[in-house]
Amino acid sequence: MGWKMKKKLLIVLFTAILIFTGCSRDGKSNVVDKLDKKINSMDAYQITGVLSITNNEDTYNYNVKASYKKDDNYRVSLINKSNNHEQIILKSNNEVYVITPALNKSFKFQSSWPDNNSQIYILKSILNDINSDTEKTIDEVDSNYIITTSVNYPNNIGLVKQKIYVDKDANLQKIEVLNDSGIVEMIMQFDEIDDNPTFEDDYFDLSSIISGIDTPSDTEEEAGSIDDIIYPLYIPTGTVLVDQEKVAKDNGERVILTFDGEKPFLLVEETSSVEDEFSIVPIFGEPHFLNDTLGAITDNSVSWSSNGIDYYLVSDVMGKTELIEIANSISTIPIMK
(Lines give C-alpha, C1' and ligand atoms only; values in the text may rest on other atoms or scores of the structure.)
Protein backbone atom coordinates (compact mmCIF):
# COMPACT_ATOMS: atom_id res chain seq x y z
CA MET A 1 0.00 0.00 0.00
CA GLY A 2 1.45 3.33 -1.04
CA TRP A 3 1.96 6.35 1.18
CA LYS A 4 -0.80 8.31 -0.52
CA MET A 5 -3.28 5.52 0.09
CA LYS A 6 -2.20 5.24 3.76
CA LYS A 7 -2.57 9.00 4.12
CA LYS A 8 -6.11 8.89 2.73
CA LEU A 9 -7.07 6.06 5.10
CA LEU A 10 -5.65 7.94 8.08
CA ILE A 11 -7.61 11.06 7.13
CA VAL A 12 -10.80 9.00 6.81
CA LEU A 13 -10.12 7.32 10.18
CA PHE A 14 -9.45 10.58 12.04
CA THR A 15 -12.51 12.18 10.45
CA ALA A 16 -14.67 9.28 11.61
CA ILE A 17 -13.26 9.54 15.13
CA LEU A 18 -13.93 13.27 15.26
CA ILE A 19 -17.46 12.81 13.97
CA PHE A 20 -18.15 10.01 16.46
CA THR A 21 -16.74 11.80 19.50
CA GLY A 22 -18.34 15.06 18.43
CA CYS A 23 -21.74 13.40 18.15
CA SER A 24 -21.25 11.77 21.53
CA ARG A 25 -20.40 15.09 23.15
CA ASP A 26 -23.27 16.81 21.37
CA GLY A 27 -25.64 14.04 22.46
CA LYS A 28 -24.69 14.47 26.10
CA SER A 29 -24.96 18.24 26.03
CA ASN A 30 -28.13 18.27 23.94
CA VAL A 31 -30.10 15.80 26.02
CA VAL A 32 -30.59 18.36 28.80
CA ASP A 33 -31.53 21.04 26.27
CA LYS A 34 -34.05 18.67 24.68
CA LEU A 35 -35.53 17.78 28.06
CA ASP A 36 -35.69 21.44 29.07
CA LYS A 37 -37.43 22.42 25.85
CA LYS A 38 -39.83 19.48 26.05
CA ILE A 39 -40.93 20.17 29.62
CA ASN A 40 -41.15 23.95 29.28
CA SER A 41 -43.32 23.61 26.18
CA MET A 42 -45.99 21.65 28.06
CA ASP A 43 -49.08 23.54 29.15
CA ALA A 44 -50.34 20.32 30.68
CA TYR A 45 -49.30 16.72 31.19
CA GLN A 46 -50.34 13.50 32.86
CA ILE A 47 -47.84 10.96 34.16
CA THR A 48 -48.64 7.36 34.99
CA GLY A 49 -46.17 5.00 36.60
CA VAL A 50 -45.12 3.15 39.73
CA LEU A 51 -43.33 4.65 42.73
CA SER A 52 -41.37 2.34 45.05
CA ILE A 53 -40.13 3.54 48.45
CA THR A 54 -37.81 1.43 50.59
CA ASN A 55 -37.68 1.93 54.36
CA ASN A 56 -35.25 -0.41 56.11
CA GLU A 57 -36.31 -3.85 54.85
CA ASP A 58 -39.80 -2.82 53.74
CA THR A 59 -40.71 -1.62 50.25
CA TYR A 60 -43.96 0.22 49.54
CA ASN A 61 -45.28 0.42 45.97
CA TYR A 62 -47.71 3.04 44.69
CA ASN A 63 -49.56 3.43 41.42
CA VAL A 64 -49.07 7.09 40.50
CA LYS A 65 -51.12 9.40 38.31
CA ALA A 66 -49.64 12.91 38.37
CA SER A 67 -51.51 15.60 36.46
CA TYR A 68 -50.49 19.19 35.75
CA LYS A 69 -52.16 22.15 34.08
CA LYS A 70 -50.60 25.57 33.61
CA ASP A 71 -51.08 28.23 36.28
CA ASP A 72 -49.76 25.86 38.96
CA ASN A 73 -52.52 23.25 39.10
CA TYR A 74 -51.47 19.80 40.30
CA ARG A 75 -53.38 16.62 41.12
CA VAL A 76 -51.44 13.52 42.16
CA SER A 77 -53.18 10.23 42.90
CA LEU A 78 -51.15 7.72 44.96
CA ILE A 79 -52.63 4.25 45.42
CA ASN A 80 -50.84 1.84 47.74
CA LYS A 81 -50.67 -1.40 45.77
CA SER A 82 -50.76 -3.62 48.86
CA ASN A 83 -54.05 -2.34 50.31
CA ASN A 84 -55.52 -0.18 47.51
CA HIS A 85 -55.49 2.82 49.89
CA GLU A 86 -55.62 6.05 47.85
CA GLN A 87 -54.52 9.55 48.74
CA ILE A 88 -54.65 12.58 46.46
CA ILE A 89 -52.36 15.60 46.62
CA LEU A 90 -54.10 18.63 45.15
CA LYS A 91 -52.74 22.09 44.50
CA SER A 92 -55.21 24.60 43.12
CA ASN A 93 -55.61 28.35 43.66
CA ASN A 94 -52.37 28.29 45.66
CA GLU A 95 -53.88 25.92 48.23
CA VAL A 96 -52.52 22.45 49.00
CA TYR A 97 -54.62 19.49 50.16
CA VAL A 98 -54.05 15.82 50.89
CA ILE A 99 -57.36 14.05 50.33
CA THR A 100 -57.84 10.74 52.15
CA PRO A 101 -61.05 9.06 50.93
CA ALA A 102 -60.86 6.15 53.44
CA LEU A 103 -61.26 8.65 56.31
CA ASN A 104 -63.67 10.89 54.40
CA LYS A 105 -61.26 13.76 55.11
CA SER A 106 -59.05 16.27 53.36
CA PHE A 107 -56.07 17.81 55.14
CA LYS A 108 -55.38 21.41 54.15
CA PHE A 109 -51.70 22.35 54.34
CA GLN A 110 -49.98 25.68 54.74
CA SER A 111 -47.34 24.66 52.22
CA SER A 112 -45.45 25.76 49.12
CA TRP A 113 -45.58 22.22 47.71
CA PRO A 114 -44.30 21.16 45.19
CA ASP A 115 -41.71 23.96 44.99
CA ASN A 116 -40.16 23.46 48.43
CA ASN A 117 -38.11 20.32 47.66
CA SER A 118 -37.38 17.66 45.06
CA GLN A 119 -40.41 15.78 43.72
CA ILE A 120 -39.82 12.53 41.86
CA TYR A 121 -43.06 12.70 39.83
CA ILE A 122 -43.25 16.46 39.08
CA LEU A 123 -41.53 17.45 35.82
CA LYS A 124 -40.76 21.03 36.86
CA SER A 125 -39.03 19.79 39.99
CA ILE A 126 -36.98 17.23 38.07
CA LEU A 127 -35.88 19.88 35.59
CA ASN A 128 -35.00 22.32 38.39
CA ASP A 129 -32.76 19.70 40.00
CA ILE A 130 -30.95 19.19 36.69
CA ASN A 131 -30.50 22.87 35.87
CA SER A 132 -29.45 23.94 39.35
CA ASP A 133 -26.69 21.33 39.72
CA THR A 134 -23.51 22.70 38.16
CA GLU A 135 -21.69 19.45 38.94
CA LYS A 136 -24.20 17.06 37.39
CA THR A 137 -22.86 14.23 35.25
CA ILE A 138 -24.27 12.74 32.06
CA ASP A 139 -23.38 9.21 30.99
CA GLU A 140 -24.31 7.61 27.71
CA VAL A 141 -25.36 3.95 27.86
CA ASP A 142 -26.62 2.12 24.76
CA SER A 143 -27.71 5.39 23.08
CA ASN A 144 -29.64 6.37 26.23
CA TYR A 145 -28.52 8.74 28.98
CA ILE A 146 -28.21 8.76 32.76
CA ILE A 147 -28.20 12.24 34.31
CA THR A 148 -26.91 12.23 37.90
CA THR A 149 -27.75 15.26 40.04
CA SER A 150 -27.95 16.27 43.67
CA VAL A 151 -31.39 16.41 45.30
CA ASN A 152 -33.14 18.58 47.87
CA TYR A 153 -35.07 16.57 50.47
CA PRO A 154 -34.83 18.76 53.60
CA ASN A 155 -36.98 16.32 55.58
CA ASN A 156 -34.74 13.40 54.63
CA ILE A 157 -31.15 14.62 54.47
CA GLY A 158 -29.94 11.07 53.93
CA LEU A 159 -31.12 11.29 50.30
CA VAL A 160 -28.28 12.95 48.41
CA LYS A 161 -28.54 12.27 44.67
CA GLN A 162 -30.67 10.90 41.88
CA LYS A 163 -30.11 9.10 38.60
CA ILE A 164 -32.46 10.24 35.85
CA TYR A 165 -32.77 7.79 32.96
CA VAL A 166 -33.82 9.26 29.59
CA ASP A 167 -33.77 7.89 26.06
CA LYS A 168 -32.10 9.51 23.06
CA ASP A 169 -35.22 11.64 22.46
CA ALA A 170 -35.12 12.95 26.06
CA ASN A 171 -38.12 10.90 27.21
CA LEU A 172 -38.04 10.14 30.92
CA GLN A 173 -37.92 6.43 31.68
CA LYS A 174 -36.96 6.04 35.33
CA ILE A 175 -35.57 7.96 38.31
CA GLU A 176 -33.63 6.43 41.19
CA VAL A 177 -33.00 8.41 44.41
CA LEU A 178 -29.98 7.26 46.43
CA ASN A 179 -28.86 7.79 50.00
CA ASP A 180 -25.37 8.77 51.12
CA SER A 181 -24.33 5.09 51.09
CA GLY A 182 -25.28 4.75 47.42
CA ILE A 183 -28.34 2.63 48.18
CA VAL A 184 -31.49 3.27 46.14
CA GLU A 185 -34.38 4.27 48.42
CA MET A 186 -36.90 5.53 45.86
CA ILE A 187 -37.65 4.51 42.27
CA MET A 188 -40.12 6.18 39.93
CA GLN A 189 -40.80 4.05 36.86
CA PHE A 190 -42.56 6.11 34.17
CA ASP A 191 -45.08 4.13 32.14
CA GLU A 192 -46.45 7.06 30.12
CA ILE A 193 -46.14 10.83 29.95
CA ASP A 194 -49.04 12.33 28.02
CA ASP A 195 -48.07 15.86 26.96
CA ASN A 196 -51.51 16.65 25.53
CA PRO A 197 -54.09 15.41 28.04
CA THR A 198 -57.70 16.52 28.15
CA PHE A 199 -59.03 17.50 31.59
CA GLU A 200 -62.58 18.34 32.55
CA ASP A 201 -62.99 21.96 33.66
CA ASP A 202 -63.39 20.89 37.30
CA TYR A 203 -60.62 18.26 37.33
CA PHE A 204 -58.49 20.34 39.71
CA ASP A 205 -61.44 21.53 41.81
CA LEU A 206 -61.56 20.27 45.41
CA SER A 207 -65.35 20.18 45.70
CA SER A 208 -65.62 18.21 42.46
CA ILE A 209 -63.08 15.66 43.66
CA ILE A 210 -64.89 15.32 46.99
CA SER A 211 -68.27 14.82 45.32
CA GLY A 212 -66.78 12.04 43.19
CA ILE A 213 -65.45 10.09 46.16
CA ASP A 214 -67.46 7.10 47.31
CA THR A 215 -68.44 7.09 50.98
CA PRO A 216 -66.27 4.57 52.88
CA SER A 217 -67.94 1.16 52.88
CA ASP A 218 -68.81 -0.99 55.87
CA THR A 219 -65.55 -2.85 55.38
CA GLU A 220 -63.76 0.37 56.29
CA GLU A 221 -65.49 0.85 59.65
CA GLU A 222 -63.60 2.45 62.48
CA ALA A 223 -61.74 0.17 64.86
CA GLY A 224 -63.34 0.25 68.30
CA SER A 225 -60.21 -0.51 70.30
CA ILE A 226 -56.48 -1.11 70.12
CA ASP A 227 -55.45 -4.59 71.25
CA ASP A 228 -51.69 -4.23 70.81
CA ILE A 229 -49.77 -1.04 71.51
CA ILE A 230 -47.15 -0.42 68.82
CA TYR A 231 -43.78 0.75 70.11
CA PRO A 232 -41.09 2.42 67.99
CA LEU A 233 -38.21 0.13 67.09
CA TYR A 234 -35.87 3.11 67.18
CA ILE A 235 -35.54 5.10 70.42
CA PRO A 236 -32.74 7.67 70.85
CA THR A 237 -29.91 6.72 73.18
CA GLY A 238 -30.54 7.85 76.76
CA THR A 239 -34.32 7.90 76.26
CA VAL A 240 -36.76 5.40 77.78
CA LEU A 241 -40.50 4.79 78.05
CA VAL A 242 -41.63 6.11 81.42
CA ASP A 243 -45.41 6.01 81.13
CA GLN A 244 -48.21 4.61 79.01
CA GLU A 245 -51.90 5.31 79.37
CA LYS A 246 -54.91 3.99 77.50
CA VAL A 247 -58.06 6.13 77.58
CA ALA A 248 -61.46 5.87 75.97
CA LYS A 249 -62.62 8.39 73.40
CA ASP A 250 -65.81 8.70 71.39
CA ASN A 251 -66.03 5.60 69.19
CA GLY A 252 -62.57 4.33 70.02
CA GLU A 253 -59.46 4.37 72.16
CA ARG A 254 -56.34 6.45 72.60
CA VAL A 255 -52.92 5.35 73.87
CA ILE A 256 -50.44 7.94 75.17
CA LEU A 257 -46.79 6.86 75.40
CA THR A 258 -44.38 9.17 77.25
CA PHE A 259 -40.65 8.84 76.67
CA ASP A 260 -38.18 10.71 78.87
CA GLY A 261 -34.42 11.17 79.07
CA GLU A 262 -31.91 12.96 76.87
CA LYS A 263 -34.37 13.28 73.98
CA PRO A 264 -37.92 13.13 75.38
CA PHE A 265 -40.93 12.73 73.13
CA LEU A 266 -44.62 11.89 73.22
CA LEU A 267 -46.30 9.31 70.98
CA VAL A 268 -50.09 9.13 70.72
CA GLU A 269 -51.88 6.28 68.94
CA GLU A 270 -55.63 6.38 68.53
CA THR A 271 -58.30 4.69 66.45
CA SER A 272 -59.07 6.66 63.29
CA SER A 273 -62.41 8.39 62.94
CA VAL A 274 -64.29 8.10 59.66
CA GLU A 275 -66.43 11.19 59.18
CA ASP A 276 -70.11 10.90 58.20
CA GLU A 277 -69.66 13.88 55.89
CA PHE A 278 -66.51 14.88 54.09
CA SER A 279 -64.50 17.28 56.23
CA ILE A 280 -61.51 19.57 55.67
CA VAL A 281 -58.96 19.61 58.48
CA PRO A 282 -56.41 22.48 58.58
CA ILE A 283 -52.93 21.20 59.35
CA PHE A 284 -49.53 22.81 59.66
CA GLY A 285 -46.45 21.37 58.03
CA GLU A 286 -45.53 19.65 54.79
CA PRO A 287 -46.82 16.44 53.19
CA HIS A 288 -44.33 13.62 53.72
CA PHE A 289 -44.21 9.87 53.00
CA LEU A 290 -44.18 7.84 56.21
CA ASN A 291 -44.10 4.07 55.77
CA ASP A 292 -47.21 3.20 53.74
CA THR A 293 -48.94 6.58 53.70
CA LEU A 294 -48.66 10.34 53.35
CA GLY A 295 -48.44 12.23 56.61
CA ALA A 296 -47.55 15.70 57.80
CA ILE A 297 -44.30 16.95 59.28
CA THR A 298 -43.51 20.20 61.10
CA ASP A 299 -40.35 21.38 62.85
CA ASN A 300 -41.19 19.39 65.98
CA SER A 301 -43.97 16.93 65.13
CA VAL A 302 -45.02 14.16 62.77
CA SER A 303 -48.56 12.86 62.20
CA TRP A 304 -50.01 10.18 59.94
CA SER A 305 -52.78 7.57 59.64
CA SER A 306 -52.19 3.92 58.77
CA ASN A 307 -54.27 0.74 59.03
CA GLY A 308 -57.03 2.35 61.06
CA ILE A 309 -54.72 4.11 63.54
CA ASP A 310 -53.82 7.81 63.80
CA TYR A 311 -50.29 8.55 65.04
CA TYR A 312 -49.03 11.80 66.58
CA LEU A 313 -45.35 12.16 67.48
CA VAL A 314 -44.03 15.34 69.08
CA SER A 315 -40.83 16.52 70.77
CA ASP A 316 -39.52 19.91 71.81
CA VAL A 317 -35.86 18.89 71.58
CA MET A 318 -35.56 16.70 68.46
CA GLY A 319 -35.43 17.87 64.85
CA LYS A 320 -37.25 16.55 61.81
CA THR A 321 -34.63 13.96 60.85
CA GLU A 322 -34.73 12.08 64.15
CA LEU A 323 -38.51 12.37 64.48
CA ILE A 324 -38.89 10.82 61.04
CA GLU A 325 -36.49 8.04 62.03
CA ILE A 326 -38.70 7.22 65.02
CA ALA A 327 -41.87 7.44 62.93
CA ASN A 328 -40.48 5.17 60.23
CA SER A 329 -39.62 2.56 62.86
CA ILE A 330 -43.33 2.25 63.74
CA SER A 331 -44.17 -0.04 60.86
CA THR A 332 -45.80 -3.04 62.50
CA ILE A 333 -49.48 -3.42 61.69
CA PRO A 334 -51.52 -3.19 64.91
CA ILE A 335 -54.03 -5.87 65.82
CA MET A 336 -57.48 -4.34 66.18
CA LYS A 337 -60.93 -5.63 67.07
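The values are calculated or read from the model by the stated rules, or taken from the named source; none is laboratory data. All values derive from a computational prediction rather than experimental measurement. Methodologically, a virtual Cβ is constructed for each residue, glycine included, from the backbone with ideal geometry; neighbour enumeration extends over all protein chains shown. These area figures cover heavy atoms from the full protein model, side chains too; ligands, DNA and RNA do not enter into them. Shrake-Rupley method; radii C 1.70, N 1.55, O 1.52, S 1.80 Å.
Hey, what's the per residue convex hull volume over the C-alpha atoms of segment 230-289, in cubic angstrom?
Taking only Cα atoms, segment 230-289 has a hull volume of 131 Å³ per residue.
Any idea what Rg and Dmax come out to for segment 48-168 if you just take the C-alpha atoms, in Å?
Gyration radius and largest Cα-Cα distance of segment 48-168: 15.9, 48 Å.
If I stretch the segment between Leu241 and Asn171 completely, what's the gain in nm (0.36 nm per residue apart, minus their alpha carbon distance), one decimal?
20.1 nm
Could you check how much of the accessible area of the chain is carbon and sulfur, as a whole percent, using a 1.4 Å probe?
Taking all protein chains in place, the chain shows 48 percent carbon and sulfur surface.
With a point put 7 Å past each Cα toward its Cβ, work out how far Ser207 is from Glu95 in nm, to one decimal.
Placing both labels 7 Å beyond Cα along the Cβ direction yields 1.0 nm.
What is the spread of the Cα atoms of segment 95-144 along each of their three principal axes, largest first, in whole Å?
48, 24, 11
Calculate the FRET efficiency for Lys108 and Ala248 from the Cβ-Cβ distance with a Förster distance of 41 Å, rounded to the nearest 0.05.
0.90
Anyone know which of Leu90, Leu51, Leu172 comes out most mobile in the 10 Å Cα GNM of the chain?
Result for the chain, Cα springs under 10 Å: Leu172 fluctuates most.
What's the long-distance tail for the chain, i.e. % of Cα pairs beyond 28 Å?
That tail contains 50 percent of the Cα-Cα pairs.
Taking the chain as the reference, fit the longest principal axis to its C-alpha atoms, fit the long axis of helix 123-132 to the helix C-alpha atoms, and give the angle between the two in degrees, 0 to 90, nearest 10.
Tilt of helix 123-132: around 60 degrees.
Hey, which of these cross-link pairs are over 23 Å Cα-Cα: Lys69/Lys136; Lys38/Lys163; Lys28/Lys124; Lys37/Lys69; Lys69/Lys163?
Lys69/Lys136; Lys69/Lys163
So what's the angle, to the nearest 10 degrees on a 0 to 90 scale, between helix 3-40 and the longest Cα principal axis of the chain?
Long axis of 3-40 versus the principal axis of the chain: about 30 degrees.
Just for the chain, what percent of DSSP beta bridges are antiparallel, to the closest 5?
Around 95 percent of the beta bridges assigned by DSSP in the chain are antiparallel ones.
Out of segment 224-298, which chymotrypsin sites (Phe, Trp or Tyr not before Pro) are coil in DSSP terms and have no more than 14 other C-beta atoms within 10 Å?
Here the sparse-neighbourhood loop sites are Tyr234, Phe284.
So, how do all the Cα-to-Cα distances of segment 123-227 break down into 10 Å bins, in percent, from 0 on up?
That works out to 12, 29, 21, 23, 12, 2, in percent per bin.
Starting from the alpha-carbon convex hull of segment 177-318, give the projected area averaged over all orientations, in nm².
Average projection, Cα convex hull of segment 177-318: 12.9 nm².
Can you compute the FRET efficiency between Asn40 and Glu200 using 1/(1 + (r/R0)^6), with r the Cβ-Cβ distance and R0 = 22 Å? Round to the nearest 0.05.
That gives a FRET efficiency of 0.30.
Could you tell me the distance between the Cα centroids of segment 243-295 and segment 121-199, to the nearest Å?
34
Would you kindly state the longest site-free stretch of the chain, with sites defined as GluC sites (Glu not before Pro) in a DSSP loop (not H, G, I, E, B) surrounded by at most 16 other Cβ atoms within 10 Å?
My reading of the result: 58-134 is the longest stretch.
Heavy-atom accessible area of Met42 with all protein chains present, probe 1.4 Å, nearest 10 Å²?
20
At 1.4 Å probe size, with every protein chain present, just tell me what the per residue accessible area of segment 158-197 comes to in Å².
I get 49 Å² per residue for this part.
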